[in-house]
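Asks: Pasting in a structure now, in structure tokens, and then I'll have a few things to ask.
The values are calculated or read from the model by the stated rules, or taken from the named source; none is laboratory data. Just so it is clear, the model here is predicted, and its values are computed rather than measured. Note that each Cβ is placed from the backbone with ideal geometry, even for glycine, and that neighbours are counted across all protein chains shown. Each accessible area value is taken on the protein alone, full model and side chains, heavy atoms only, with ligands, DNA and RNA left out. Shrake-Rupley method; radii C 1.70, N 1.55, O 1.52, S 1.80 Å.
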Protein chains: 2
Amino acid sequence: MIYSIGALARATGVKVPTIRYYEAEGLIDPPIRTEGNQRRYQERDRERLAFIRHGRDLGLSMEAIRDLLELSAHPEAPCARVDRIAAEQLVEVRARIERLKRLEGELARIASSCDGHHPIADCNVMKALSDHRHCDGDH
Amino acid sequence: MIYSIGALARATGVKVPTIRYYEAEGLIDPPIRTEGNQRRYQERDRERLAFIRHGRDLGLSMEAIRDLLELSAHPEAPCARVDRIAAEQLVEVRARIERLKRLEGELARIASSCDGHHPIADCNVMKALSDHRHCDGDH
DNA sequence: CTTGAACCTCTAGTCGCTAGAGGAATTACA
DNA sequence: TGTAATTCCTCTAGCGACTAGAGGTTCAAG
């Protein structure tokens, strides 16, 4: 199976300019070209791009993905670093969730105190934003 | 109370270059200057900056904050738009939490399947990243 | 063979800051 | 009052991870 850049984009869900960007950043190899200078990709390019996409969706940085791709080139090495990258990401995701939950609580409190009908001068949303003392969070 | 830019930074938790950036972006007014061209802020500048900071901490975009500041200049208008901005933000925050929770689940599954001791070729983390079929999420 | 979609490169813009250079003003202390 | 440390000034450039657009070329279908 041979893909044009657009076909590859459809097959992986990565947009065309993003594919070119990944190539420029060295995450994927420059593919072969047609006589007319257009990119043509193969199955293994599609697999690599799917790997990248999945990692990005999981919140991995391009840096982390670059590391993983580098590691995958040495399949005989122990996978301790692979494990660590995943674990670090998990810690970060959990922290983000915690933080967002605190924000959710405060936003819910703020938003529910407003019926949208009184003048701005009396609006509790505005008051809440002006005055941080009501918050329990540490933001 | 008069603040130098550094004192204002300490008082609000907004970093010095960020204050200058907000000024350049028109979120805060250019303050008065000393003879030697240094910025000097007053209480109301501090309040406005605290408002901005609080909004940013709640995840509001600079755009949304700009809108709110604009609205606050018309304290007699009804606060329906204020309410809508807060409600929209709440919806977004909840969506972000949902999404992150799905990622957390997948990352936990991936990370727990790896003890860090086997070769990369056999690593489940790498396999999971290469192959999206095991995921239940829609990412 | 023509037409229209998809492709090419290149530059610049997005958001919300952050870092650094190179120099001037202010403040604290002797 | 002198001087040294700190803070301040402007300006430009960089970050991550793309996205948009201009202006031109190639490909594939009919």
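Asks: Note down all Cβ pairs under 6 Å where the first residue falls in the range B:68-88 and is within 7 Å of chain A (Cβ to nearest Cβ), the second is aliphatic (A, V, I, L, M) and surrounded by fewer than 16 Cβ atoms within 10 Å (Cβ to Cβ), and they're at least six residues apart or on different chains.
Replies: B:PRO75/A:ALA121
Asks: Across the range A:97-125, what is the total count of residues that are farther than 22 Å from B:LEU100 by Cα, part of a helix (DSSP H, G or I) and at the interface with chain B (Cβ under 7 Å from one of its Cβ atoms)?
Replies: Selection size over the range A:97-125: 5.
Asks: Here is a further query. So which helices (runs of 4 or more DSSP H) are wholly in the range A:1-96 and hold at least 3 residues that are open to solvent by 30 Å² or more (accessible area, probe 1.4 Å)?
Replies: The helices (runs of 4 or more DSSP H) meeting that bar are A:16-24, A:43-57, A:62-72.
Asks: Being out of contact with any strand residue (DSSP E or B) (no Cβ under 7 Å at 6 or more places or on another chain) and farther than 30 Å from A:VAL91 by Cα: is that true of B:ALA86 here?
Replies: In short, no.
Asks: Inside the range A:97-122, can you point out the residues that are open to solvent by 50 Å² or more (accessible area, probe 1.4 Å) and more than 24 Å from B:SER72 (Cα to Cα)?
Replies: Residues satisfying the conditions are A:GLU98, A:ARG99, A:LYS101, A:ARG102.
Asks: I'm trying to understand the selection: among the residues of the range B:108-122, which are among the hydroxyl-bearing types (Ser, Thr, Tyr) and modelled with pLDDT of 80 or more?
Replies: The answer is B:SER112, and nothing else.
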